[in-house]
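Asker: This structure is in structure tokens; I'll ask about it shortly.
The values are calculated or read from the model by the stated rules, or taken from the named source; none is laboratory data. Predicted model only: the values in this text are computed from it and were never measured. Keep in mind that these areas ignore ligands, DNA and RNA; they rest on the heavy atoms of the full protein, side chains included. Shrake-Rupley method; radii C 1.70, N 1.55, O 1.52, S 1.80 Å.
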Amino acid sequence: METLITIAVIALLIALGTRLIRRLNAQHDERIAAHQNRHPYPPIRRPPGHSHPTPKEQAARRKVTGTWP
């Protein structure tokens, strides 16, 4: 008799766990659907006047950290 009760409790817990996981997946799917973007990789937007630095500007920004003997 104890074995049947144990099996019934385990089956009930599995059913409850399955239902919980399905509800969480449904909520997650709703959140994803609400926040989808048109572009998978949106472009990087820079403020006006802040374009990509030229090679000369990159070299000017580098700091000398030490000397090589």
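Asker: How far is helix 2-34 tilted, in degrees, relative to the longest principal axis of the Cα atoms in the chain, given as a value from 0 to 90 rounded to the nearest 10?
Answerer: 30
Asker: Keeping all protein chains in place, calculate the accessible area per residue for the chain (probe 1.4 angstrom), answer in Å². Each step should come with its number before you reach the end.
Answerer: Numbers: 7700 Å² over 69 residues.
Ligands and nucleic acids excluded, the figure is 112 Å² per residue.
Asker: Jot down the radius of gyration and Dmax of the chain, Cα atoms only, both in angstrom.
Answerer: Rg and Dmax of the chain, Cα atoms, are 29.5, 86 Å.
Asker: Now, a different point. Roughly to the nearest percent, how much of the accessible area of the chain is carbon and sulfur, given a 1.4 Å probe? Provide the component values of the computation, followed by the final result.
Answerer: Values: 4660 of 7700 Å².
On the chain, the fraction of accessible area on carbon and sulfur atoms equals 60 percent.
Asker: Now for a different question. Calculated from DSSP H runs of 4 or more alone, at -39500 (n - 2.57) each and per residue, what is the 222 nm mean residue ellipticity of the chain, nearest 500?
Answerer: Values: 2 runs with 40 residues, N = 69.
About -20000 deg cm²/dmol.
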